[in-house]
Amino acid sequence: MYLAVAAALYGSIASLAKPQLTTIHPILLSSSIYLIIGIVLTILIKLTSRSTKINKSELKYIFIISLFGAVLGPILYFYGLMLTSASLAAILINIEFIFSILLAIIILKERLNKRGVLGILLIFTGLIIVNLNYNDFNIFNNNTLLGNILVVIASLFWAVDNNLSNIILKKGVSISKIIQLKSLIGGTISFCICLIFAIPLGGNINQVPFLIMLSLGGFAGSLYLFLRGMKKIGTIKSVMIFSTSTIFGIIFALIFLKESSKDVYTLLLSSIFVIGEIYFISKEEK
């Protein structure tokens, strides 16, 4: 169930982030989000005395994860989000799940039985249905094509992050430690980029609550719950459930950003396929 909650939190990212990009540079936004996560987790770990040591090999993996998942991925995603709609970004980000599944099969040698394959078919059917009524914008429109491409590339980087994180989890590194170090490293690198290229370090005090929600909910909360799920049931089944974030993303964009009107019945129909997919994955685990 926490994977479904993770999907809802992840689906809120585009709707929370897009308004902030009107006054905050994408690289600064990425840096701020991950530094907030890293600092908060560092304080919590100190207070609970749950700090664990990691060796050099694990630290190398975490650095690579940070580069892909907390620097390149979010920066490209936020640049892409500036150029496209939150609704379309919520749809395109699903490519991350396809990349994740392919990488899990190729790199981690994960396999699916018949129920798992049926689950994939159901989730993809649901996602196709949810995309059918988007006639008011074109995914290949010249004005948004670059943004769409950036979101897709960001999806690939996050897929690499997902699979490398699974490797680290299997080595015994705690979820909180991975998120803490990844966030501190990624946030610091992005902040250094801001300084090097003289990116304005500005914003609005009214944006602080949204940045906190975006950091601790959309990114940290969803990542923590996703990694818990991945540790328990593996990359493929976790990303299949997590891919339901598209439905949440479209609903949030519709309600809060007043983006493209969407046929409610289409969303309900796609949700039935999504629920069916979660059911088959749950049955497989039992």
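Yes or no, residue by residue, for (1) under 15 Å from LEU181 (Cα atoms); (2) of a type in the set (Gly, Ala, Ser); (3) free of Cβ contacts under 8 Å to residues at least 12 places away in the same chain:
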{"site": "VAL5", "(1), (2), (3)": "no, no, no"}
{"site": "ILE13", "(1), (2), (3)": "no, no, no"}
{"site": "VAL40", "(1), (2), (3)": "yes, no, no"}
{"site": "THR52", "(1), (2), (3)": "yes, no, no"}
{"site": "ASN55", "(1), (2), (3)": "yes, no, yes"}
{"site": "LEU72", "(1), (2), (3)": "no, no, no"}
{"site": "LEU83", "(1), (2), (3)": "no, no, no"}
Go through the stretch 200-246 and tell me which helices (runs of 4 or more DSSP H), entirely inside it, have 1 or more residues that are open to solvent by 10 Å² or more (accessible area, probe 1.4 Å) and either under 18 Å from HIS25 (Cα atoms) or of a type in the set (S, T, N, Q) (or both).
208-212
Step by step: first the residues of the stretch 180-207, then only those that are touching a residue at least 40 places away in the same chain (Cβ under 8 Å) and among the polar types (S, T, N, Q), then the one that is farthest from LYS18 (Cα to Cα). Which residue is that?
GLN180
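What residue, of SER270, SER261, is out of contact with any His (no Cβ under 6 Å at 6 or more places or on another chain), at pLDDT below 80 and not in a helix (DSSP H, G or I)?
On the way: SER270 fails: not in a helix (DSSP H, G or I).
After applying the criteria, what remains is SER261.
Taking the stretch 38-53, which residues are modelled with pLDDT under 85 and either assigned to a helix (DSSP H, G or I) or surrounded by 10 or more Cβ atoms within 10 Å (Cβ to Cβ) (or both)? Working first, answer last.
Initial filter on the stretch 38-53 (modelled with pLDDT under 85): 48-53.
Residues satisfying the conditions are THR48, ARG50, SER51, THR52.
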Among the residues of the stretch 176-199, which ones are exposed (fewer than 15 other Cβ atoms within 10 Å of the Cβ) and assigned to a helix (DSSP H, G or I)?
CYS192, LEU195, ILE196
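From the list SER30, SER15, which one is open to solvent by 10 Å² or more (accessible area, probe 1.4 Å), under 17 Å from the mean Cα position of the chain (by Cα) and not β-branched (Val, Ile, Thr)? Write out each step before concluding.
Working: SER30 fails: open to solvent by 10 Å² or more (accessible area, probe 1.4 Å).
Unique residue meeting the criteria: SER15.
The values are calculated or read from the model by the stated rules, or taken from the named source; none is laboratory data. A quick note: this is a predicted structure, and the numbers were derived from the prediction, not measured. Using ideal geometry, Cβ is built from the backbone for each residue, glycine included, and neighbour counts are taken over all protein chains shown. Each accessible area value is taken on the protein alone, full model and side chains, heavy atoms only, with ligands, DNA and RNA left out. Shrake-Rupley method; radii C 1.70, N 1.55, O 1.52, S 1.80 Å.
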